[in-house]
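Have a look at the structure below, then the notes.
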Amino acid sequence: MIKKEPTVARGEIKAFLGEGTDFKGILTFEGTVRVDGQLEGEVYTKDTLIVGESAVVAAEINVHTIVISGIVRGNINATGKIEVHRPGKLFGNVKTPSLFIEEGVIFEGNCAMAYDASGEKKVSPITVQHDGEGQEAEDRTAAAKTD
């Protein structure tokens, strides 16, 4: 089986919390950071957070881009993009202009895509529950542009 790499272009990884590490607190950084251990608290960056397959993150996350292959419990506010790749699990509400969810992941929460491609503000909340076995329930509220 060929492992597909995430589609987000990233620069050099500036920090790495490897498997077996346990960090609690507020994490702020510039550049790309990869977590493969446990992280609990808050994350703030204008750059990229990568959550590896062995990672368990329980945090309120504010990033530009996040790529998830592990477990994340908490709300995410991404100004750029959220990607969730198999075998990732995301439990929390997300707000982002761009969302990618690979088939086979688990996502339980709400999604608000606050801006459309032209930069105009819109309301488009989506609630999706996916059990990873093809069973999906979706409740989509029609997009309504606001002045």
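Considering segment 1-22, the residues that are part of a strand (DSSP E or B) and either of a type in the set (Lys, Arg) or modelled with pLDDT of 95 or more (or both) include one that is farthest from Ile66 (Cα to Cα), namely Asp22. Looking across Val51, Val67, one residue alone is within 20 Å of Glu19 (Cα to Cα) and in contact (Cβ under 8 Å) with a residue 60 or more places away in the chain. It is Val67. Could you check how many residues of segment 38-61 are of a type in the set (Asp, Glu) and under 19 Å from Thr96 (Cβ atoms)? Total meeting the criteria: 3. Among all residues of segment 38-46, there is none that is in a strand (DSSP E or B), touching a Phe, Trp or Tyr at 6+ places or on another chain (Cβ under 6 Å), touching a residue at least 60 places away in the same chain (Cβ under 8 Å) and buried (at least 19 other Cβ atoms within 10 Å of the Cβ).
The values are calculated or read from the model by the stated rules, or taken from the named source; none is laboratory data. As the structure is a computational prediction, the values presented were derived from the model and not from experiment. Cβ atoms come from the backbone with ideal geometry, glycine included; neighbour counts cover every protein chain shown.
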